[in-house]
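Notes follow once the structure below has been shown.
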């Protein structure tokens with residue numbers, strides 16, 4: 001059997017995680033909004049038109065923040081048509097369908113409140129301008145002014161108090177409406193940030209960026225004093241990507257984080273500007289003809305609804321992504337799984353209910369069974385070669401791990417991720433400078449096959465299995481991780497020997 005070692009330094013805290021790394025994202029694309037989170041005609045909808053089962057699922061994983069309305073949709077979104085008692089439908093040029101505008105700013109705010117999540121609004125930096133963005137801040141956050149009055153007229157007397165805002169989406173890319181050069185973007189962000197913060201200086205602002213030193217040098221020289229976040233994105237496969245292709249690329253998000261950290265450090269922004277990895281997923285959305293012209297192929301978009309696509313590969317990729325965010329907790333303060341409902345999301349809706357895809361259960365493990373304090377740990381693990389597509393091979397470690405602790409109770413939680421599709425791995429866990437109890441609770445997420453998935457007729461094929469081990473020397477013990485699995489080991493008695 002493959003053998004790995006995990007050394008956990010109980011006296012060495014890396015930092016405190018921000019719960020916003022477990023955040024999510026919804027966009028006006030396919031069935032994410034209409035027929036996803038919002039479906040007033042469904043018998044499963046509540047009085048506000050939101051799917052009660054979706055609300056319940058997101059509350060169970062403590063969804064901390066939701067980013068909206070896009071994505072590419074945001075770059076031509078006329079938010080003023082989506083508020084008030086009279087809604088004006090329009091033609092959405094991003095996805096080339098009619099947007100009814102029945103789900104707008106106030107509906108988003110109410111949805112987040114029911115979930116218990118903070119609001120994160122991505123403003124239109126494509127066809128919109130700085131004044132339109134600052135008007136949106138006024139509508140959401142102010143007591144005075146024309147747009148605050150419009151909010152009150154629509155039946156929302158109290159400000160929404162939206163703290164997190166992004167100036168645009170992927171305006172560095174030619175596919176985005178309103179794409180800009182580095183010089184254009186830097187000036188645009190500065191003027192937008194000035195107006196938005198004059199409307200409400202307490203907001204936190206993000207600006208999209210790429211891991212390029214010249215782009216960031218121009219952006220942060222012009223607008224760095226007004227920014228709190230830089231936003232980065234990453235998708236690493238397609239609907240057709242195999243287990244091997246997804247796992248082979250599962251280390252790329254951490255490399256992007258590290259590169260972005262190095263750029264921020266070189267520009268003197270470390271400690272001031274944090275990273276929001278506010279769109280991420282193992283697989284990119286399937287949107288045939290994206291960036292082109294003509295009507296969208298709705299039937300082909302329905303391929304996103306095939307639950308057999310979303311397997312243990314997606315779960316393991318998600319676990320490795322969250323491990324990276326925890327290891328880089330000093331800089332990564334937010335991440336938004338893209339999207340949370342339908343498309344390539346964690347929750348799938350149908351007429352009779354929902355299906356929780358494997359990636360959903362990863363959020364359950366991390367949000368509910370890890371702790372706030374991230375500990376330094378070292379993994380010694382052999383690697384294996386796996387196909388990454390197009391005939392190439394990637395070296396992937398058998399075992400990934402992070403360790404977290406509750407700073408008040410000293411309860412310890414260790415996450416072990418076995419990335420191999422067929423081989424279990426025996427991990428020797430050693431707690432350095434600590435003492436532990438005799439009982440271990442273990443929670444295991446795996447499937448009967450690396451390509452196992454959940455569906456309407458088999459919703460529990462992939463799920464979390466719980467158990468306990470008694471009489472364990474917690475200071476040094478071995479645990480066998482099944483193939484293609486995510487395991488959380490919990491002790492309620494682990495402690496540091498010295499403070």
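The values are calculated or read from the model by the stated rules, or taken from the named source; none is laboratory data. Treat the numbers as computed from the prediction; the structure is a model and nothing was measured. A quick note on method: Cβ atoms are made from the backbone with ideal geometry, for glycine too, and the neighbour counts reach across all protein chains shown.
What to note about this one:
- Of all residues in segment 259-281 being farther than 28 Å from residue 316 by Cβ and surrounded by fewer than 16 Cβ atoms within 10 Å (Cβ to Cβ), the one that is modelled with the lowest pLDDT: 270
- Enumeration of residues in segment 378-398 that are in contact with a helix residue (DSSP H, G or I) (Cβ under 9 Å, 6 or more places away or on another chain) and either crowded, with 19+ Cβ neighbours inside 10 Å or not assigned by TED's automatic domain parsing to the domain that holds residue 450 (or both): 386, 388, 394, 396
- Residues in segment 35-53 that are buried (at least 19 other Cβ atoms within 10 Å of the Cβ) and assigned to a strand (DSSP E or B): 38, 50, 51.
- From 345, 330, residue being out of contact with any helix residue (DSSP H, G or I) (no Cβ under 7 Å at 6 or more places or on another chain) and either surrounded by 24 or more Cβ atoms within 10 Å (Cβ to Cβ) or without any contact (Cβ under 8 Å) to a residue 24 or more places away in the chain (or both): 345
- Within segment 71-107, if we keep just the residues that are touching a helix residue (DSSP H, G or I) at 6+ places or on another chain (Cβ under 9 Å) and within 20 Å of residue 345 (Cβ to Cβ), the residue that is surrounded by the fewest Cβ atoms within 10 Å (Cβ to Cβ) turns out to be 97.
- Residue match in segment 282-290 (condition: more than 22 Å from the chain's Cα centre (by Cα), more than 18 Å from residue 175 (Cα to Cα) and either assigned to a helix (DSSP H, G or I) or modelled with pLDDT of 95 or more (or both)): no
- Residue within segment 73-91 that is within 18 Å of the chain's Cα centre (by Cα), touching a residue at least 60 places away in the same chain (Cβ under 8 Å) and either part of a loop (DSSP other than H, G, I, E, B) or at negative phi (or both) present: yes
- 2 or more residues in contact (Cβ under 8 Å) with a residue 12 or more places away in the chain and either buried (at least 22 other Cβ atoms within 10 Å of the Cβ) or not assigned by TED's automatic domain parsing to the domain that holds residue 338 (or both): qualifying helices (runs of 4 or more DSSP H) within segment 133-236: 182-199, 213-223
- Taking segment 140-187 as the range and being at positive phi and within 27 Å of the chain's Cα centre (by Cα) as the test, the residues that pass are 161, 168, 178.
- Taken together, the criteria exclude residue 28 from residues that are closer than 24 Å to residue 162 by Cα and in a strand (DSSP E or B).
- In segment 413-444, the residues that are closer than 20 Å to residue 251 by Cα and in a strand (DSSP E or B): 414, 415, 416, 417, 418, 425
- From the list 448, 410, the one residue that fits, being free of Cβ contacts under 8 Å to residues at least 24 places away in the same chain and outside any strand (DSSP E or B), is 448.
- Listed by first and then second residue, the pairs with beta-carbon distance under 6 Å, at least 6 apart or on different chains, first residue in segment 106-117 and within 14 Å of residue 65 (Cβ to Cβ), second modelled with pLDDT under 95 and surrounded by fewer than 21 Cβ atoms within 10 Å (Cβ to Cβ), form an empty list.
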